1. Sort through Ala177, Ala219, Ala249, Ala183 and tell me the only one that's hydrophobic (A, V, I, L, M, F, W, C), exposed (fewer than 13 other Cβ atoms within 10 Å of the Cβ) and under 21 Å from the mean Cα position of the chain (by Cα).
2. Only residues in the stretch 297-313 that are closer than 10 Å to Leu269 by Cα count as the first member; pair them with residues that are in a helix (DSSP H, G or I), Cβ under 6 angstrom, at least 6 apart or cross-chain, and list the lot.
3. Take the residues in the stretch 119-135 that are buried (at least 22 other Cβ atoms within 10 Å of the Cβ) and aliphatic (A, V, I, L, M), then tell me which one is nearest to the chain's Cα centre (by Cα).
4. Just to be sure before I move on: is Arg110 part of a loop (DSSP other than H, G, I, E, B), surrounded by 14 or more Cβ atoms within 10 Å (Cβ to Cβ) and basic (Lys, Arg) in the structure I sent?
5. Looking at Thr59 and the list (1) within 32 Å of the chain's Cα centre (by Cα); (2) over 24 Å from Thr198 (Cα atoms), which single condition is not satisfied?
6. Taking the stretch 29-64 as the search range and keeping residues that are of a type in the set (Gly, Ala, Ser) and touching a residue at least 60 places away in the same chain (Cβ under 8 Å), which one is surrounded by the fewest Cβ atoms within 10 Å (Cβ to Cβ)?
7. For the stretch 171-226, what are the residues that are touching a residue at least 12 places away in the same chain (Cβ under 8 Å), outside any helix (DSSP H, G or I) and either within 17 Å of Val74 (Cα to Cα) or among the aromatic types (Phe, Trp, Tyr) (or both)?
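The values are calculated or read from the model by the stated rules, or taken from the named source; none is laboratory data. Predicted model, so just to flag it, every value in this text is computed and none were measured. Methodologically, a virtual Cβ is constructed for each residue, glycine included, from the backbone with ideal geometry; neighbour enumeration extends over all protein chains shown.
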Amino acid sequence: MKEFRTFRFDGAGGGAEIDPDQIGTPAGFDWVHLSGEGAAVMDWLKKAPIDALSREALTAEETRPRCTVHGQTVLLNLRGVNLSPGAEPEDMVSLRCFISERLVITYQRRPLYAVRDVIAGLAPGVNPSSPGDLLARVALRLADRAEPVVAALNERIDDLEEQVLDGVSAVERRALADIRREAIVLRRYMFPQRDALTTFEIEDLPWLHGPDRSRLREAAERVTRLGEELDAIRDRAQVVHDQIADMRAEAMNKQMLVLSLVAAVFLPLGLITGLLGINVGGIPGAEIGWAFWAVCGLLLVVVGFQLWLFRWMGLIGRG
């Protein structure tokens, strides 16, 4: 995407792309969109017709979604999912905005597809009619781009839940951890973004019209719904994690029960054979030829009694 995209709108649906040096005091308003951290972008920001506070907000290293009213201007920070090839969606891209009645400046350091969508949708007769309309379009497109990412998380947690319900023991805990991490990171920005849009929508600004407020409110509600879905995904991931832990604990308990039963069976047998195998006088049957088979029969009787006792106690199945 170009470092500079500058547009002039007449406020009635018309508009055209202009040179960045042509911004001034139009009948409608100008929109300057900056991308990247090139020297030309930084130089233009230093010379932009904005105050020092706004310039500092646009060039800040770290930003979180927020809305600050400064006189008749608004400083708005938004976040969008990172859909660049090879990037993690939860590594959200910051969009810094300066908004006034005659000038809108948006600045992104990394590619943001939502802004590309807004620019691609510009056309005579359907161009933004006001700065509020423009920012509402951007906010709605940010939500549009985030929805497939949240839907994909929902599908992934659905698959893991189905595996758990089917009793699959080899559920990937790493995949579950990734889902929880992505949901937590995305949620971290969704609710502040809702608050920022809500603050912008309720501010008493003369150039913010009723339809613009309605669309900003719609964008805030959609962001709220995304945040709630992320909350649900995080909670469902915790439930799946607990179910996996229960399955593993149950499997281990069964293994420990088997080991305990084996030890319980052989403990009396070992006691009997140990007593008969001591090297002292007086061992019964030492001189009788069939005594060995008698001892074996006694051991089988003891094993049979133990198995009946374990079954009666419910430690082994009755079927």
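1. Details: Ala219 fails: exposed (fewer than 13 other Cβ atoms within 10 Å of the Cβ); Ala249 fails: under 21 Å from the mean Cα position of the chain (by Cα); Ala183 fails: exposed (fewer than 13 other Cβ atoms within 10 Å of the Cβ).
The conditions single out Ala177.
2. If the second residue must be in a helix (DSSP H, G or I), the pairs left are Leu299/Leu269; Val302/Pro268.
3. Top of the filtered list is Leu135.
4. Answer is yes for this residue.
5. Of the numbered conditions (1) within 32 Å of the chain's Cα centre (by Cα); (2) over 24 Å from Thr198 (Cα atoms), the odd one out for Thr59 is (2).
6. Only one residue tops the list, namely Gly36.
7. Selection gives Glu203, Leu205, Pro206, Trp207, Leu208, His209.
To keep it simple, each residue is scored yes or no on (1) at pLDDT below 90; (2) touching a Leu at 6+ places or on another chain (Cβ under 8 Å); (3) of a type in the set (A, V, I, L, M, F, W, C); (4) crowded, with 18+ Cβ neighbours inside 10 Å.
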{"residue": "Val168", "(1), (2), (3), (4)": "yes, no, yes, no"}
{"residue": "Val171", "(1), (2), (3), (4)": "yes, yes, yes, yes"}
{"residue": "Tyr189", "(1), (2), (3), (4)": "no, no, no, yes"}
{"residue": "Phe200", "(1), (2), (3), (4)": "no, yes, yes, yes"}
{"residue": "His209", "(1), (2), (3), (4)": "yes, no, no, no"}
{"residue": "Arg213", "(1), (2), (3), (4)": "no, no, no, no"}
{"residue": "Glu228", "(1), (2), (3), (4)": "no, no, no, no"}
